[in-house]
Amino acid sequence: KQEVTQIPAALSVPEGENLVLNCSFTDSAIYNLQWFRQDPGKGLTSLLLIQSSQREQTSGRLNASLDKSSGRSTLYIAASQPGDSATYLCAGGTGGGNKLTFGTGTQLKVEL
Amino acid sequence: NAGVMQNPRHLVRRRGQEARLRCSPMKGHSHVYWYRQLPEEGLKFMVYLQKENIIDESGMPKERFSAEFPKEGPSILRIQQVVRGDSAAYFCASSPSSGGTEAFFGQGTRLTVV
């Protein structure tokens, strides 16, 4: 059974700082690893999708890496902004499709 | 191309009533997934459907919950005889195929049982 853990649970940083969010999973037989952001009371916005055959994906100030052998993924956010404040969720895709197992998230606050 | 549409956004039901949650996937997507987010908990997989078929319902409670994705129309998550513990945010996601393609989520339906 896949279990996904995210550390830290909450993070507060000053604007402009580079930061790393961590995600670990127990079952290395994942199809993909997807990072989302969730704003309070809102839905999920997909940020990056890394297929199992890939090592990393980049989109703007975001970079996500995947190491299946160690069961870890990281989301790197460069030059953080107050608008980045949200809960960040990672999810491992298993079951031959997009059955996602979610971590409990990292609540990020970027302060002016 | 509209995103995944869920309605209603907010739903209030009294204990014992039925709740029907609707999800229209993105255009061209034939795979639908339902997830539940209980207060102070993470999102949990409930069910995976393809047109007219339930592929994986391993996360569905055994009683009172059912889901369908008919040939025409939206996917429906139905909760019969709701209880207070059913209060949660229910999210729908869709993808164009299986095998690890990107999943896109709707805004969710927030169900409150009073």
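Coordinate-derived values only; no laboratory data. Since this is a predicted model, take the numbers as computed values, not measurements. No Cβ is skipped: glycine too gets one built from the backbone with ideal geometry, and neighbour counts run over all protein chains shown.
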Scaled radius of gyration (Cα, divided by 2.2 N^0.38 Å) that segment A:1-50 gives: 1.35
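Quick one: what do you get for chain A if you divide its Cα Rg by 2.2 N^0.38 Å?
Numbers: Rg = 13.3 Å, N = 112, 2.2 N^0.38 = 13.2 Å.
Against the empirical 2.2 N^0.38 Å value, I get 1.01 for chain A.
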From the gyration tensor of the Cα coordinates in the protein assembly as shown, what semi-axes in whole Å does the equivalent ellipsoid have, largest first, with each one equal to sqrt(5λ)? 30, 20, 16
Out of A:V13, A:F102, A:L47 - ranked by how far each Cα lies towards the positive end of the dipole of chain A, with unit charges on the beta-carbon of charged residues - the top one is A:F102
Given the options A:G43, A:G92, A:G71, state which has the largest fluctuation in a GNM of chain A using a 10 Å cut-off (strictly under) for Cα springs. A:G43
Estimated distance in nm for a label pair at B:M5 and A:V20, the labels positioned 7 Å out from Cα along Cα-to-Cβ: 4.4 nm
Total charge dipole magnitude, segment B:6-114, about the Cα centre, Cβ charges on Lys, Arg, Asp, Glu only, Debye to nearest 20: 460 debye
Using every alpha carbon pair in segment B:32-114, what percent of pairs falls into each 10 Å bin from 0 up to the bin containing the largest distance? 17, 52, 27, 4
